[in-house]
Amino acid sequence: MAALGGCEARAARAGREWSSLYAAWKAAFVQPPGRVADDGQQGITTSEGQGYGMLLAWAAGDQQGLESMWQWTRTHLAVRDDGLLAWRWSPGAGVTDRNNATDGDLLVAWGLALAARHRPSWREPARALAQSIRRHAVRSTNWGTVLLPAMQGFETPRGLVVNLSYWVYPALLDLPELDPDPVWGELIASGHKLLALARFGTWGLPPDWLLLVDPLVPAPERPARYGYEGVRIPLYLAWAGMATPQRMQPWRDFWAQFPRAGFMPAWVDLHNPCLSSEAASPGARLIRDWVESRNPPIVAGREGLIRSGYYSATIGMLTVAASRWPAARRQRVVSLMRETHSPLTL
């Protein structure tokens with residue numbers, strides 16, 4: 001057999017590295033039979049954790065792993081009457097928070113939708129969860145159709161509180177395949193609009209939690225920070241092919257202040273020129289590296305990423321998966337915007 005050419009050899013090596021990285025992540029964070037455990041929060045399981053796991057399993061071609069994660073989710077978290085998932089399950093106690101987390105619902109629905117392309121029996125649970133999100137977890141506002149972070153706790157006397165990292169843009173692009181409703185395109189449009197307006201602090205970054213009043217302000221009952229939550233926004237924009245120069249300018253201005261190999265803060269105060277003394281996690285740094293360069297991120301030491309903990313390791317894994325994702329996104333964005341008559345560009 002002839003030796004592989006340079007491109008083929010690099011692709012094969014990248015495939016082996018990804019498989020090894022996924023195996024290490026799964027060994028560290030997935031408990032039999034399919035429960036994704038957060039080692040930073042006493043081993044709890046959340047709906048978004050299950051969704052992340054299903055996406056990573058799909059990207060790794062781990063059909064058995066995806067099946068086990070979905071079956072665990074369906075058995076333990078599908079306990080609500082509205083078709084949404086309970087947010088938190090604790091070892092020894094079961095469901096300890098029946099409120100949903102809408103990003104978790106989106107991630108699980110998206111994982112099911114992707115799997116359903118080769119397993120038609122999963123189309124119905126994917127569609128049912130997507131429809132439950134659309135029927136119960138969206139609200140009409142002056143800023144368009146927005147995502148309610150959860151069914152309880154975010155509709156306040158002052159206004160609706162939202163989390164812009166809950167707009168999982170690649171999921172919003174794919175779910176119309178099973179649930180062809182304008183709401184998915186409307187959510188993309190509102191997410192873009194809010195990101196253009198919700199710019200605070202030295203670099204014009206969005207807050208982790210945003211209060212929908214006029215003018216927009218960071219949610220007053222939470223720290224006015226960009227950090228732990230908002231770090232996922234540039235990942236989802238780039239994953240969906242929506243990381244335009246104008247949209248990404250706040251992140252580029254922010255990242256430019258911190259050398260690649262140097263310190264980058266875990267969070268930024270948006271009211272005062274204060275930075276966290278805690279360094280950004282390895283997973284957050286991988287997001288920056290990929291979004292800035294659009295080259296496959298280099299994981300300098302699998303063990304270091306895994307040892308950084310569930311959340312850091314998982315967002316890092318999602319970044320590597322996104323860099324390997326099928327690239328046919330632009331036409332889907334264009335089509336969806338046309339269908340919903342959105343004035344927004346990519």
* Asked: Relative contact order for region 193-237: what is it in percent, counting Cα pairs under 8 Å that are at least 6 residues apart?
  -> 29
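Got a number for carbon plus sulfur as a percent of the chain's accessible area, 1.4 Å probe? It would help to have the intermediate numbers written out before the result.
Values: 7850 of 14970 Å².
The computed percentage sits at 52.
At 15 angstrom or more along the helix axis (alpha-carbon based) and mean Kyte-Doolittle of 1.0 or higher, what helices does the chain contain? Whole DSSP H runs only. Mind dumping the intermediate values first?
On the way: long enough: 6-29 (34 Å, -0.27); 47-60 (20 Å, 0.26); 63-76 (20 Å, -1.46); 102-116 (21 Å, 1.15); 123-136 (20 Å, -1.21); 183-197 (21 Å, 0.96); 282-293 (16 Å, -0.45); 310-324 (21 Å, 0.62).
Flagged H segments are 102-116.
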* Structure fact -> For 23-30, 188-195, ranked highest to lowest by mean beta-carbon neighbours within 10 Å, the order is 188-195, 23-30
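Over every pair of different alpha-carbon atoms in the chain, take the mean of 1/r and invert it; report that Kirkwood radius in Å.
On the way: mean 1/r = 0.0486 Å⁻¹.
Answer for the chain: a Kirkwood hydrodynamic radius of 20.6 Å.
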* Order these peptides, 263-273, 151-161, by their mean beta-carbon neighbour count within 10 angstrom, highest first. => 263-273, 151-161
* Asked: How many nm is it between the label spots at residue 158 and residue 98, if each spot is 7 Å from the Cα in line with the beta carbon?
  -> 3.0
* residue 16 versus residue 325: modelled label distance in nm, points set 7 Å from Cα along the beta carbon direction -> 2.8
* **Per residue Cα convex hull volume in Å³ - calculated over region 1-156** => 161
* Structure fact -> Relative contact order of the chain (C-alpha contacts under 8 Å, at least 6 apart) in percent is 14
* Asked: Hey, could you pull the Cα Rg and Dmax for region 128-252, both in Å?
  -> 14.0, 43
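Using a 1.4 angstrom probe, figure out how much accessible area the chain has per residue, in square angstrom, rounded to the nearest whole. Before the final figure, lay out each step's value.
Details: 14970 Å² over 346 residues.
Value for the chain: 43 Å² per residue.
The values are calculated or read from the model by the stated rules, or taken from the named source; none is laboratory data. Remember, it's a predicted structure, so these values are computed and weren't measured experimentally. Using ideal geometry, Cβ is built from the backbone for each residue, glycine included, and neighbour counts are taken over all protein chains shown. Only protein heavy atoms, including side chains, enter the accessible area calculation; ligands, DNA and RNA are left aside. Shrake-Rupley method; radii C 1.70, N 1.55, O 1.52, S 1.80 Å.
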